[in-house]
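Asker: Mind having a look at this structure? Questions to follow.
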Amino acid sequence: MARAQGEVSLVAKSRVGGTALRRLRQSGSLKCLFPQDAGPALQAVLLNCAGGVTGGDHFSLSVGAEVGTTLTLSTQAAERIYRALPGERGRIETRLDVAKSARVNWLPQETILFDGCSLERSLTVDLQEGAALLLAEPLVFGRLEMGETLTSAHVLDRIEVRRAGVPIYLDRIRLAADVQAQLDRPGVAGGARAMASLLYVAPDAEAQLAMLRHLLPRHAGASLLHEDVLVMRILSRDSNEMRSSLVPMLDHLSQGGLPRCWNI
């Protein structure tokens with residue numbers, strides 16, 4: 001059976017008055033669009049032309065932000081991870097390289113998991129000293145309003161962020177078999193069907209902590225790993241509840257640069 005393959009590689013450069021595209025290469029089912037009204041920052045919106053991810057699919061993204069640039073990346077819509085055949089797995093690999101005094105906002109919309117899905121996903125970020133990062137990963141475990149449940153699924157999701165070669169954030173999620181039963185456990189998710197992880201690496205991270213805690217819903221927490229590294233996790237009943245909490249935070253931390261596709 002035909003499987004979807006897609007690759008995007010892009011590099012952002014600094015120019016007078018803002019950030020521009022230095023290099024772009026794209027192939028297969030993964031494309032990149034560039035809105036024209038993004039202001040001084042460069043916005044890139046990823047589009048999966050295959051309409052989702054299933055077993056055997058492979059998508060990869062490589063991004064470079066040169067010195068002094070500001071780059072915001074998002075997705076045109078929520079990514080859907082569909083049922084896979086036995087023994088097959090969909091793969092998504094993302095790598096971000098952020099130079100000194102550059103900033104990357106990694107703000108994809110939700111990844112929605114469907115029953116029977118099998119996904120292996122990795123996000124690796126290399127920051128130089130003085131680089132800034134805003135990273136959000138929203139994850140939906142079946143659409144509650146549609147009566148969907150995850151009684152059989154396999155998910156391995158890994159995030160690694162290094163600064164000057166030293167790991168400053170490592171996150172690994174592994175869910176297998178009856179995911180719904182695992183999420184219902186009080187010590188895991190307490191019945192939540194949506195989750196968002198947020199990482200903010202910037203000199204003002206400590207100053208933002210009080211504001212974020214004020215905006216947090218009941219089942220959420222925010223902490224400092226270092227004086228300039230802030231982490232947050234939100235658990236929500238469904239995706240709508242999660243977005244209502246997450247969007248104001250992202251809009252604030254991105255300095256009003258939340259991509260328009262988040263509001264469509």
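The values are calculated or read from the model by the stated rules, or taken from the named source; none is laboratory data. In this text the structure is predicted, and so the values were computed from the model without any measurement. Methodologically, a virtual Cβ is constructed for each residue, glycine included, from the backbone with ideal geometry; neighbour enumeration extends over all protein chains shown.
Asker: Scanning for something at pLDDT below 90 and in contact with a helix residue (DSSP H, G or I) (Cβ under 9 Å, 6 or more places away or on another chain), does region 244-262 turn up at least one residue?
Answerer: Yes, some residue in region 244-262 is at pLDDT below 90 and in contact with a helix residue (DSSP H, G or I) (Cβ under 9 Å, 6 or more places away or on another chain).
Asker: Kindly indicate whether Gly55 is at pLDDT 95 or above and over 19 Å from the mean Cα position of the chain (by Cα).
Answerer: Yes; evaluated as a whole, the condition is true for this residue.
Asker: Let me ask you something else. Which of the numbered conditions does Ile112 fail, given that it passes all the others? Conditions: (1) of a type in the set (A, V, I, L, M, F, W, C); (2) touching a helix residue (DSSP H, G or I) at 6+ places or on another chain (Cβ under 8 Å); (3) surrounded by fewer than 18 Cβ atoms within 10 Å (Cβ to Cβ).
Answerer: Among (1) of a type in the set (A, V, I, L, M, F, W, C); (2) touching a helix residue (DSSP H, G or I) at 6+ places or on another chain (Cβ under 8 Å); (3) surrounded by fewer than 18 Cβ atoms within 10 Å (Cβ to Cβ), Ile112 violates only (3).
Asker: Assess whether Pro35 counts as being farther than 30 Å from Glu148 by Cα, out of contact with any Leu (no Cβ under 6 Å at 6 or more places or on another chain) and at pLDDT below 95.
Answerer: So Pro35 fits the description; yes.
Asker: Looking only at residues in region 115-135 that are without any contact (Cβ under 8 Å) to a residue 60 or more places away in the chain and under 18 Å from the mean Cα position of the chain (by Cα), which one is farthest from Arg193 (Cα to Cα)?
Answerer: Asp126
Asker: Only one residue in Arg237, Arg243 is more than 26 Å from Thr70 (Cβ to Cβ), in contact (Cβ under 8 Å) with a residue 60 or more places away in the chain and not aliphatic (A, V, I, L, M). Which one?
Answerer: When all the criteria are applied, what remains is Arg237.
Asker: Sticking with this structure for a sec: Take Ala131 and tell me if it is under 30 Å from Pro203 (Cβ atoms), in contact with a Lys or Arg (Cβ under 7 Å, 6 or more places away or on another chain) and aliphatic (A, V, I, L, M).
Answerer: yes
Asker: Considering only region 80-96, state which residues are in contact with a strand residue (DSSP E or B) (Cβ under 6 Å, 6 or more places away or on another chain) and more than 11 Å from Cys117 (Cβ to Cβ).
Answerer: Listed by number, the residues that qualify are Arg91, Ile92, Glu93, Thr94, Arg95, Leu96.
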